[in-house]
Amino acid sequence: MHARSAAESSKSRRDTAAGRGAAGTPPSAFRAPPDRPLPATALPALQRGLGNAAVVAMLAEQTAIQRSARPERDVQRADVDMDDADMDAITAAYLQDRRNAFIRALRTEFGDNGWSWSGSAPNGEESFRATAPTKQSKPKDFSGEPEVQALRWVSSVVKSYLDMGDPKESQHWPLNPVEVQSAIGGDGTLIIAANDQSSNARLQSLAGRASSGKALLDTFLERNATRGTSLAKPSEHREEIEKRLHRHHENLKELLSKEPASHSAVMEALKRKITVASNGDAALHAERRIAERNQGTPQFIAGTKRPCVSCFMANYPNGSELHPGIFHSGPASNVDIDEYRNGMNNNSDEEAREWAKRLFQRMVDAGVTSTYQTLVWHCGRKVYVPVPEVGTDSETGG
Ligand SMILES: [Zn+2]
């Protein structure tokens, strides 16, 4: 096929496709011999007439026919035939277009229901973050929940260790765990996970070598304490964040040395080796790695961030006293959320909207009506101030 004739046939096909698609009539024109490339501009009309899966199948079939029919000498003539890379690019662009349609539908759904959103478009993909009318979580003393209290300290210390790296280890470079969560699993062991898999791999290696969870945490405390560097990344609330982290280090250190009866569940768990929940997709959120490994949401779980909306509805479908954080529209936050997966594979804008509504409803069913901000004691001003970098429930203490 010559380049000129391909362009001409593409034009006539595009015109026909648009007309028939808009009229809702069967797209019989697309049953023409599939030895000609489909123009990308025909895809929306094809999608309306045939649906997403059928279009992808058609593209795949066309690619296969072109490959088998193409004379050897044409393999080098990418300027003449639409080659495999073109077909792949068209398919990818089409699927991306459908995914973007779903994300836009979700954004509309959140907006229509009174949520605020902000968004950016990294790599050409639509994305946004949404918050419900925000509440500040009131600072509370966790002494009445000793397991949760200790798990908060453990998560802070583990995250600090990973954030800073460890010059005494062969794998010494700083990592970005994003978030660390700790839990007491159904079998009584301590389960820890980070969002980031490199962090999980390093934790796994260190936990395997340590004789017990307590030994591992003793090492982390010792290594963190001897570092001259900051425990926190740059922030206008650097001092408050550092003080809070320092307090968590001191509290965990005291707990491990005194082993008070009040925290016996955690102390028992720490006699054994720590389980690192490294299962799951590349950036799966830590609490969902843990729930997956534990085959259910643990009774006691606490980390460096509150559950995002997607984690909240996945781990607590019937609600929880925990305070959810923001909604992230990205795939990593929504792994295994059926409404999201189906929405991303939508066949039409209408279907995208339907899945967006279902996802939002699932969130409402889980009891999410507000998202929460964390307050931290401001040493200088002697008041609690919102500190977005600390994403977990507010605690008392200066
Ligand atoms: Zn999450």
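FYI, it's all coordinate maths here, none of it is from the lab. These numbers come from a predicted model, not from an experiment. All Cβ positions, glycine included, derive from the backbone under ideal geometry; neighbour counts span all protein chains shown.
Which aspartates and glutamates does Lys168 reach when only Cα atoms under 18 Å apart count, and residues fewer than 8 places away in its own chain are ignored? Reachable aspartates and glutamates: Asp218, Glu222.
Near Thr134, once Lys and Arg are set to +1 and Asp and Glu to -1 for all other residues with Cβ below 15 Å from its Cβ, the sum equals +3.
When only the Cβ of Lys, Arg, Asp and Glu is charged (+1, +1, -1, -1), the dipole of segment 139-227 relative to its Cα centre reaches about 220 debye.
As a rough guide to protection, the peptides 200-211, 300-311, 380-391 ranked by mean Cβ packing within 10 Å, highest first, stand as 300-311, 200-211, 380-391. When the pairs Lys135/Lys305; Lys138/Lys273; Lys140/Lys243; Lys135/Lys382 are compared against a 24 Å limit on Cα-Cα distance, Lys138/Lys273 fall above it.
Could you put Phe220, Phe327, Phe142 in order, starting from the residue whose Cβ has the fewest other Cβ atoms within 10 Å?
Phe142, Phe220, Phe327
In a shell of Cβ-Cβ distance under 12 Å around Glu169, excluding Glu169 itself, what net charge do Lys and Arg (+1) and Asp and Glu (-1) give? Result for the neighbourhood of Glu169: +3. Using Cβ point charges alone (K and R +1, D and E -1), the dipole size of segment 139-305 about the Cα centre works out to roughly 260 debye. Classify segment 139-305 from the C-alpha gyration tensor, please: rounded if a/c falls under 1.5, else prolate or oblate depending on whether a/b exceeds b/c. Rounded, since a/c falls under 1.5. Taking other Cβ atoms within 10 Å as a rough exposure proxy, Met313, Met344 sort from fewest to most as Met344, Met313. Only four residue types carry charge here, +1 at the Cβ of Lys and Arg and -1 at the Cβ of Asp and Glu. Report the dipole size of segment 190-282 about the Cα centre in Debye, rounded to the nearest 20. Using only the charged Cβ atoms, the result is roughly 280 debye.
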